Each structure stands twice: as C-alpha cells, then as structure tokens.
Amino acid sequence: MTVQSTLETVFRLESARIVATAARIVRDLGIAEEIAQDVFLAALEQWPGSGVPDRPGAWLTAAAKHRAVDLVRRRETYARKLAEVGRALAEESYDPEPAGPGDIDDDVLRLVFTTCHPVLSAEARAALTLRLVGGLRTDEIARAFLVPEATVAARITRAKRTLAKAGVEFEVPYGEERAARLGSVLEVIYLIFNEGYAATAGDDLLRPGLCEDALRLARGLAALMPAESEVHGLAALLEIQASRTAARTGPDGAPVLLADQNRRRWNRLLIRRGYAALERAVETGGASGPYALQAAVAACHARAPAYADTDWPTIAALYARLAAVAPSPVVELNRAVAVSMAEGPAAGLALVDALATAPGLDRYHLLPSVRGDLLARLGRTAEARAEFERAAELTRNERERDLLLARAREARAQEG
C-alpha cells in the first residue's frame, strides 16, 4: 500500500475526530474542516520522506489541534478566545485516540450534537453529519438521499454558514435543549449505520467502517444519556444488526438472504450486547419507541436457532406496534413480509398491493422485490420474474442487482 493510499484510508477513518478536535478550539465547523484538509496535505508532503507514523490517526489529530491553536493565537480576539478554551489547551497532554474500540471521543459527540442543531433543517442536519462525522463524500450522500450532488453540496455549505451565523456553541447540550436535539441525533446515527449495512450504490453491499462509526456513536450516546430508553433502543438495534455482518455476504461478496445465512457466523458478543441494551431500554422507558421496537424485532431473529424457528407472529405484532408509533410505507412493507410468513403469502401480498400507490415507494426497489418473492411463493412465476426485473432496474447497488436478476432467471426457468 502506498503512503498516499494509507493516508487516505487513515484520514477517512479519523476525519470526524480531526474535525471535532479543531472545531472544539476554533468554534467554527467550516474552519475546522479547512484545518483538517490542511493537515491531510501536510501529511501528504511529509510522510513519503519521514515514513508513516506509528499512530497516524494521533499524528493527524494532534497536528490539527496545533494548527487550530495557532489560528486562535493569530486572531485579534486571541485573549477572549484563549479564556474560553482554557490556558491549559496549548500545553495539555492529549491522546486523540479512544482507549478501546467501544469508546468514543467526547469531541466527536460534541460534533454530532452541533451538526444536529435545530437551527438547521432535517435534510441539512443529516447531510452535514454524514459529511463530517460519517466521513462520506458529497456524491455518496447524494446517492443515499437520491438527490443531485449539487443539492447536497449546497446544503452542507449553507449549514456551516448557518451554524456560524447563529453562534452555535460546540458542545453537548443539557436539559431540554439536549432532548430537543436527541431525535435528530438518533436518526442521523441510524442513517450512517444503514449506509454501511446496505450501501445504496456501488459495487459492495457492505461498508463496515460506517457501521463501526455508528456503533461507537450509539454506545457513546448511551453512556452519556443512560436514562433515555430510545438511546438504548438504537444501540440494541445496531448491535444486533451488526452481529449478522459476516454472514450477509458470500466469499465473492454476493448478498446472502436472511433465510440462507449461516447463523453460526453471527457475532454472539454483539448479540449479547444488543440484548443487554434492549433490557436497559425496557427498564428506562418500556421499550415502546420506534428504535426499541425495531430492536425487539431484531432480537426475535437473533433468538431463532434457524430461520424456520423464527417467531413470525410476534414479529408481525411488533411491526403493527411500530406502524402505530412511527407510521411509514416502509414499516408497512416490513409488516407485510412478517404477515406473509405468519399467515401465508396471500395475506402478505394483499398488504403489499395496498402499498402500490404509497408515496415514496414508487422508486423503492424493495417493493417489487418483496412482491416478486410473494408471487414466487404462490407459484405465479411469470409475474414474479417481472417484479424481480423491475426491482433490479431500480436498485443502485450492483450486488443487489445481480441477486435480483438471478432470482428473475430462476423464476423464468420455472415458467411454463
């Protein structure tokens, strides 16, 4: 691996901490991101001659901190800024790397709460957080939200300007202000995880780095807010979902459906962590929020020793509860799948057909994919083939497209 490729990989993994460290000092996300880019260029110039440091992430973060301090010193308002930051800042002993894989830097949590400030629109919060915390490029965020890249770029630029103009403090808020931002923070962490768990586009189904980032954020948030049921619910959901990662793709990277996964490859440690987080969600609030309910669904799958042993009636009931507290066409689609397994494919197909005109699903590839599966189970293979082909046209992930086209070929072979 070349020095440049190594640096690019490290920067991708550490960019959130680098930006967060600089933002804590300069109190401006736009300037903090510029400092991060400057540090990247400095490493690109120095490392080919001096070699890659033993702890490259620490090198980059420490360099960003020193540049940020220098910038504060050069400002006319140096005295006031230095008082805010603290005179010990320049001399502090600073280890920018967390103690372990489950830990998260306080600066990164401050960054999350800052990018999820209510002064921003929901779209701007998600875009800015995915950019600065998730490390996604602008084009990747655009694909995730199915909007033009220019739209995302404009949202990010406006968001940074809005935060600067409003004088938003770089901090983890307390009391009512923290509660007001919590829903947005949870949503963005969930979005980051989902982009890693099932990439919206590209050649790979999984992007494990994003899943790990989201897990660290969820764990850190749970430690910060131990009395919030939905924080534990989200942590439980991500732990259990992440436990399946190794079984979700074959040796060639092709997707493996849930029914076909080798459950011995599911990570039992993550499952146990998920169960524990779900118990805390129950203890702190009854686990009645949308993330806790989704975690309960995931726990049902995890408890089944084999796909045939899955408690589908309970899962269908959980999705019905989820639809009541967080109604959406996607939730109804998931409920239809559970109902089809509990009551038969005809019952599920009736629910899916009722979603045909639901807003937001006309370009959602999983709608024809689910319908194709139900039609195939009913022996209506010609209709199933057409649905799988339509789903393949709609997906932007190459691995999913290959799987759907394979299912379409299977349905064609069974026709006649």
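For the chain, modelled as a GNM with alpha-carbon contacts under 10 angstrom, which of A356, A298, A392 fluctuates the most?
Per the Cα network of the chain with a 10 Å cutoff, A356 tops the list.
Work out which chymotrypsin sites (Phe, Trp or Tyr not before Pro) in the chain are exposed loop sites (DSSP not H, G, I, E or B, at most 13 other Cβ within 10 Å) and give the longest gap free of them.
Value returned for the longest uninterrupted segment is 175-416.
Averaged across orientations, what area in nm² does the convex hull of the alpha carbons in the chain project?
Convex hull of Cα atoms, orientation-averaged projection: 22.0 nm².
Considering amide H positions built from the backbone, and no H for Pro or chain starts, which residues 5 or more places from T249, or on another chain, come under 5 Å of its amide H?
V256
Starting from the eigenvalues of the Cα gyration tensor, five times each then square-rooted, give me the equivalent ellipsoid semi-axes of segment 295-337, largest first, whole Å.
20, 10, 8
What percentages, rounded to whole numbers, describe P(r) for segment 171-328 computed over all alpha carbon pairs with 5 Å bin width beginning at zero?
Histogram of Cα-Cα distances, whole percents per bin: 2, 10, 17, 21, 21, 16, 8, 3, 2, 0.
Only four residue types carry charge here, +1 at the Cβ of Lys and Arg and -1 at the Cβ of Asp and Glu. Report the dipole size of the chain about the Cα centre in Debye, rounded to the nearest 20.
With only Lys, Arg, Asp and Glu charged at Cβ, the dipole is about 180 debye.
With no solvent and one point per C-alpha, what does the Debye sum give as log10 I(q)/I(0) for segment 345-416 at q = 0.26 Å⁻¹?
With no solvent term, the Cα-only Debye profile gives -1.14.
To the nearest 500 deg cm²/dmol, what mean residue ellipticity at 222 nm is calculated for the chain from DSSP H runs of n ≥ 4 alone, each contributing -39,500 (n - 2.57), summed and divided by the residues?
-22500 deg cm²/dmol
Two decimals is fine: what is log10 I(q)/I(0) at q = 0.09, 0.12, 0.17, 0.20 Å⁻¹ for segment 278-416, from a Debye sum with one equal scatterer on every Cα and no solvent?
-0.31, -0.54, -0.99, -1.22
HN-Hα J couplings of segment 174-181 from phi, Karplus 6.51/-1.76/1.60, θ = phi - 60°, integer Hz, Gly and Pro as x?
In residue order, the calculated couplings are 10, x, 5, 5, 5, 4, 5, 8 Hz.
Assuming a ≥ b ≥ c are the square roots of the Cα gyration tensor eigenvalues, decide whether segment 26-67 counts as rounded (a/c under 1.5), prolate (otherwise, with a/b larger than b/c) or oblate.
Verdict is prolate for segment 26-67.
Where Rh is the Kirkwood radius over the Cα pairs of segment 310-376, the temperature 25 °C and the viscosity 0.890 mPa s, what D in µm²/s does Stokes-Einstein return?
My calculation gives 209 µm²/s for D.
Bear in mind that the values in this text are calculations on the coordinates, not laboratory data. Quick caveat, the model's predicted, so the values are computed rather than measured. So basically every Cβ, Gly included, is an ideal-geometry build from the backbone, and we count neighbours across all protein chains shown.
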